[in-house]
Structures are given as C-alpha cells and as structure tokens.
Amino acid sequence: MIRHETIDVAGETVDWISECYEVGGKHHTVNTYVLSVGDRYVMVDAGTILEQAEFKRLVDDVTDGTGIDALVLTHADLPHSGNVKFLREQWDFDFYCTFTEASFKPETMGLGEAIQCDKGQSMEIFGREFRFLIPQPRLSDAGHEMAVLDSELETLFVADGLGCYHSPEHCGQPGDGVPRDEHVAGIAAYHLDALPFVVFLDPHKIEAQVRGLFEDNDIDCLAPIHANPVVGREDVLAYVEAFIEAMHVVVESEERPSSVSLPR
Amino acid sequence: MSGILKTAIDHKIVMFRGSRRISSDVYWLLSCNSKPDLAARYSSDPPDWYEPGNHVHVSSSAYLITGEQSLLFDNLPPVERDPLIAELEMILGDDGLDYIVPSHHEAPHGGNTNALREAYPDAELLASGYGRGHEMYFLGDATRVYEGERLDLGGPVVEFVEAVILDTALHIWLFEHESRTLFSVDLLGIPHMGRDCLQTVDELEFEVTTAQLIRFHQQALPWLRIADPDRVHRALDEIVNRHAPSTIAPTHGLVIREDAIAYLEKMKEVVSEMATTPEAVTERELV
C-alpha cells in the first residue's frame, strides 16, 4: 500500500510518501520525502519499483503537477532509487548522489547525469543548505550510502539504519508517542531482517556513534527511509534511546536472523 | 586470456578486461573501474603494494562455472552488458547458459541479471532465499536457494553458502567442490594496479597487504568499523572449518589460488585494525 501524509516540521510542511509492506504482522515502510524549498520541490529518495503509477499520481498531487526540481538519493539500492528512471521520463530535475564515479554511475544505469555529493560536505540546493553525512552509526548496506541533513528544517534523512517496523494501526502516522517498548521491538526486528550483520557489532560503539550524531547536530525531525518519521527534539531523542536499547537486545540475544546462522 | 574489450563510456574509466580460466571448470570474467584520484594519491605516497605511475583499479568479477551445465555467479555492472554477453557467447558457444545467480542485487553483482535473462531465456534465475523484498529487486520469480543446497552441473558441483561477511540481507555465497573454490563476494576485495588485471594473487610482484585489504573493506563494508572483532573472527574460523577452501574468488578482488586459508586469517587482522582505528580518509574514493 502506498499513501501520502504531511508532517509539520518547524512550521513547514514536509510531504511524506510511504510504501508499506506486511512483515509477520508488522509493516515495513519505504519512504520518500518531498520538501518545498521556496517554489521548488526537493525529493529525498525515490521509492521502490512496485507502486510506480500511484507514486507518480501522488508526486503530481504534491507538486501541483509541476513535478520535482531536485532529487537527492541516500544510495543507489532499488528500494531507494526504484522510480528515478520513471521520474526522469516525466520531469527535468537536478539529481544529487554519491556515486557519480562508481562502476554503476547513474548514466550507466539509464538514470541520466548526476551531481556528486561528498560525505562530510554541504551544498546549497535552491538556496537551502543540505549537509551530506557519513551514516552514524555505520548501519549501511551500501558503502556509498549517505545521510542527508536539511539544515534549515533541522531534519535528518537516514537509510538504512534507524529503521523500525510499525504496527498496521500506525501506518501514515509519525512515530511520536509510540510506546518505547514498541519502538524497541520494531527497531530490533527491522535491523535483524534488513541488516543481519548487526549480530557482529559492538553495541557500545553503536551507542557512541549515534549519541555523537545527535549531540553534534541540531536535529528536530528524524526522517528515516525505513521508519515512520519522528518530529520534535524530545521525541527524536526518545527514539534514539529506544534504538540504543534495541541494539543491545539484538546483539546480546540468542535469537539470530535467518540470514546469519554462523556462531557469533 | 581472451581478448580485452573496452566500453565506449568514459574513456577507459570502466573497462571489461576479458576472462581467464582459473580451473578446469571455472572462468573468471573481470571488469575494472579505474581510480585516477587514488593513483595520484598513491604515486606521491606509495603504499607497499603499489608502484608509482600505475593505474589503480577496483574490480567487479563474474564467475562462469561450466560442466555439462553452466552457471554464472554475479554478472558485473550494467555498463558491461555487451562485452559480458559477447564473452559468454565466446566461451559457451551454442551450449547456452543454464543458471544465472547474482550473489545479491547491487549493481556490480546483479547489474546484468535482466539482460542475461533476455539473452538466455532458458536459463533459470536463482537467488538467495535469505532477506526480504525480492520483488523490489526484480528477483520475485527467482528460485530461492539456501545454505547447503547443491547443484550438480555434470562435472563441477556447486553448493550454496550462507553469506557471513555481507552488506545486504538478500545475499548468498557459493562453493565449488571439485576445485574447492569459495566465491566470497564482498569479502577479500582489494584495489590493484592496472597492470595486474586478471593476475591471481600468487602471480603479483607485491604481497597483498593488510592496508590494501582495509582500503577496500572500509568502503565496501563500513560496519566492520563498529564490529566486535571476536565475533567476526569466530565467523571467519567457521568458514575455514566448514569449507577449507583452496581457492577464493572474490567479486572485488583478485583470485587467491594459494594459501587461501592464510588470507582468511589475514582478514582477522583487517577486522581488528578496522575496529580499533578511527576513520581518517574521505569516503569519496573507492566508490
């Protein structure tokens, strides 16, 4: 199922397109976000290949038919880039990514030219500063993955770490107010499924990295690609605490993801 | 080695380097991505494995296993579609390809899956049964394979191996019993000098160093920086205990035909060093 909601971040509207997929009674989400920057539209990530017609309809609605003006990709994997080619056929836009010099650079994938983003640097897109960050903690399934911080909205877009399964009744709802134990369980289950190498990690290192990220940056909205967004600094920090607890649970439990059965 | 073809794109930045038979049943097909920025950096401050003036390459490999039936494990980035298919036609002739097996969906590994299915419509697509969301990766109709399952190709026998050191969840390794070759995908990748394309590690003038391995793994598997080294070491030991490979064929490195287990042991040093060293280099390199 694909749906469109809006979230209010510091008085501005952020459009949130979510694709939900059922996973053992919970839902896994794949999110796309659209920011209104002046009279332009900046999209972060571009969804999967599975809902293209409806995805286009929603983007049409969000942009009043004018389409997007820029796309920023956290990384090249298909759940994040599934609609790029499709979007290119509809509209002209600037395309920002980290892999313009890779063997799979966008031109060779039929995605057109792109502007290189370097992690650790920032760029202005239509006058708004976006910072491109090394994902912290290092919960990436692609080495070229980046996190994206909208400096004006103080909103962090992150994939694939910090994701969380949600209950069906929470589809399309921000994660603020979800009970902590529900977040802990959803975060743990998501990471075991999506990033099975978590069983090899040191939870203290994860904790140090994620605390550092949120101490070093003003983040008032956490917008994961694989979790419902969380709005408000207090709720963001509560989610971070739930994430830290979940990482301890994952690493210290005897339960193993289906994809890693070798001894830890 | 067969002839070397170059793609027209980017003036030799991504190049198909041809193929080489590494055992009676296994062909190694290689694509290289040249890294001029790395070459410039290394020329001014050469690491032990590098001679100034050489190109620096990061590679993607595909492996063709041939018996009475044939199986292609991994299939290079999309830009290599035409030279890959041309090379396969040259090797396979009229026999065709029986199995297409991307280790996972990422472009350097599965970039030509759909093109190969068009070129070889009778080939069966196999994919890891681990992980979720196969439909999102054009793998929805693939036959799922799991640890321990075997395919007798009429000569070589391959066994699917659960990937241990991995990035994506939807991931599988392979082991060929006749040659005792472990296809380790993202494990044991290295940058190499342009003059060493299609050379096996034992043929290199310089020994593969821990630093060389770190250079690759810190980009490809950044989670190793926050790993508990002991846990990863135990997993590496288990690989040795279960398979005792005599050859290791990584997707992003050169084939290891001698002292394969010693290189798995060397990975322990890599993991230990990565887990205890702060990140110091930019990440623009080795993409």
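The values are calculated or read from the model by the stated rules, or taken from the named source; none is laboratory data. All of these numbers come straight from a predicted model, not from anything done at the bench. Because the Cβ atoms are built from the backbone with ideal geometry, glycine has one as well, and the counts that use them run over all protein chains shown.
Descriptive notes on the structure:
- Residue match in the range A:202-221 (condition: acidic (Asp, Glu), buried (at least 24 other Cβ atoms within 10 Å of the Cβ) and either within 14 Å of chain B (Cβ to nearest Cβ) or closer than 24 Å to A:SER18 by Cβ (or both)): no
- The single residue among B:GLU135, B:GLU203, B:GLU159 that is closer than 17 Å to B:PHE73 by Cα and not aliphatic (A, V, I, L, M) turns out to be B:GLU159.
- B:HIS134 being closer than 26 Å to B:ILE13 by Cα, within 13 Å of another protein chain (Cβ to nearest Cβ) and not basic (Lys, Arg): no
- Residue list for the range B:103-114, restricted to those being touching a residue at least 40 places away in the same chain (Cβ under 8 Å) and within 12 Å of chain A (Cβ to nearest Cβ): B:HIS104, B:HIS105, B:GLU106, B:PRO108, B:HIS109
- The residues in the range A:81-112 that are within 12 Å of chain B (Cβ to nearest Cβ) and among the acidic types (Asp, Glu) can be counted, and the count is 2.
- Search result, residues across the range A:15-53 that are at the interface with chain B (Cβ under 10 Å from one of its Cβ atoms), assigned to a strand (DSSP E or B) and either more than 14 Å from A:THR74 (Cα to Cα) or without any contact (Cβ under 8 Å) to a residue 12 or more places away in the chain (or both): A:GLU19, A:TYR21, A:VAL23, A:HIS28
- Some residue of the range B:158-167 being surrounded by fewer than 24 Cβ atoms within 10 Å (Cβ to Cβ), within 14 Å of chain A (Cβ to nearest Cβ) and on the phi > 0 side of the Ramachandran plot: no
- Of note, B:VAL58 does not satisfy the criterion of being of a type in the set (Val, Ile, Thr), within 14 Å of another protein chain (Cβ to nearest Cβ) and assigned to a helix (DSSP H, G or I).
- Looking across the range A:196-244, just one residue is within 18 Å of the chain's Cα centre (by Cα), assigned to a helix (DSSP H, G or I) and of a type in the set (Asp, Glu), and that is A:ASP235.
- Residue match in the range A:126-138 (condition: surrounded by fewer than 17 Cβ atoms within 10 Å (Cβ to Cβ), in contact with a strand residue (DSSP E or B) (Cβ under 8 Å, 6 or more places away or on another chain) and not in a strand (DSSP E or B)): yes
- Strands (runs of 3 or more DSSP E) (entirely within the range B:168-287) containing at least 1 residues that are small (Gly, Ala, Ser) and more than 10 Å from chain A (Cβ to nearest Cβ): B:181-185, B:247-250
- For the criterion of being surrounded by 19 or more Cβ atoms within 10 Å (Cβ to Cβ) and touching a Ser or Thr at 6+ places or on another chain (Cβ under 7 Å), A:HIS28 fails.
- Exclusive hit being more than 14 Å from every other protein chain (Cβ to nearest Cβ), at pLDDT 95 or above and in contact with a strand residue (DSSP E or B) (Cβ under 9 Å, 6 or more places away or on another chain), set B:ASP74, B:ASP122, B:ASP98: B:ASP98
- The one condition in (1) small (Gly, Ala, Ser); (2) away from chain A (no Cβ under 14 Å); (3) crowded, with 22+ Cβ neighbours inside 10 Å that B:GLY154 fails to fulfil: (3)
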